[in-house]
Amino acid sequence: MSRIERFEDIEAWKKARELTKRIYEISDRGNLARDFGLKDQIKRSSISIMSNIAEGFEREGDNEFRQFLSIAKGSVGELKAQLYVALDAGLIAAEEFSGLMSLSDEISRLIAGFMRYLKHSTHKGSKFK
C-alpha cells in the first residue's frame, strides 16, 4: 500500500462521502423528507461513516485507527437497516434503495479490507504510512 498522507485519499472515505451526498439528495425530497426522525437518523449514520474514518486516521497508531474503522463499519450496518425501514415504509424507491445498498456494501468491504491490512501490517506504529 502506498503512503497515505490525508484521510481524503482513503478510498473508503471517498465512497462514504459519495454515499453521504446521495443520502442528502434523497432525504430532502419525497416522502422521506417529511419523516423527520428517520431522515435525521439516516443522515447521521452516513455522516458517522466518513467522520469515523477521518477521525481514526488523525489518531495515533494502527490499533486506534482500526477501532474507529470498526465504528465506521458499524455505522454502515446502521444505515443499511434504516434504508430497509425507508424502503418498507414506501419512503424511497426500490431503485434508490438498491443503489444505496450496493454503495454501502462496497464501503463495508473496503473498511473491512483496510482493517485486515492494519492488523497484519509489518510496520507497526507507523499508521500504514
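In the chain, the calculated helix contribution to ellipticity at 222 nm averages -25500 deg cm²/dmol per residue, counting -39,500 (n - 2.57) for every DSSP H run with n ≥ 4.
Using a Förster radius of 35 Å, what is the FRET efficiency between A89 and E11 based on their Cβ-Cβ separation? Nearest 0.05, please. Walk me through the numbers on the way to the answer.
Values: r = 32 Å, r/R0 = 0.92.
Efficiency, rounded to the nearest 0.05: 0.60.
Which order do the peptides 51-60, 87-96 come out in when sorted by mean C-beta neighbours inside 10 angstrom, highest first? Kindly include the intermediate steps, with their values, before the conclusion.
Details: 51-60: 18.3, 87-96: 13.8.
The packing order, highest mean first, is 51-60, 87-96.
Would you please give the FRET efficiency between M101 and D28, computed as 1/(1 + (r/R0)^6) with r the Cβ-Cβ distance and R0 = 22 Å, to the nearest 0.05? About 0.65, to the nearest 0.05. Values of log10 I(q)/I(0) for the chain across q = 0.13, 0.20, 0.21 Å⁻¹ run -0.52, -1.01, -1.09, by the Debye formula with one identical scatterer at each alpha carbon and no solvent.
With r as the distance between the Cβ atoms of R3 and S70 and R0 = 30 Å, compute the FRET efficiency 1/(1 + (r/R0)^6) and round to 0.05.
Details: r = 23 Å, r/R0 = 0.77.
For R0 = 30 Å, the calculated efficiency reads 0.85.
Quick one: Cα centre-to-centre distance for region 62-77 and region 90-110, in angstrom? One Cα centre to the other: 20 Å.
Within the set K39/K80; K15/K119; K43/K119, which residue pairs have Cα atoms separated by over 25 Å?
Long pairs (Cα-Cα over 25 Å): K43/K119.
Each value in this text was obtained by applying a stated rule to the coordinates, not by laboratory testing. What you see is a predicted model; the values in this text were computed from it and never measured. Here Cβ is always computed from backbone atoms with ideal geometry, including for glycine, and neighbour counts include all displayed protein chains.
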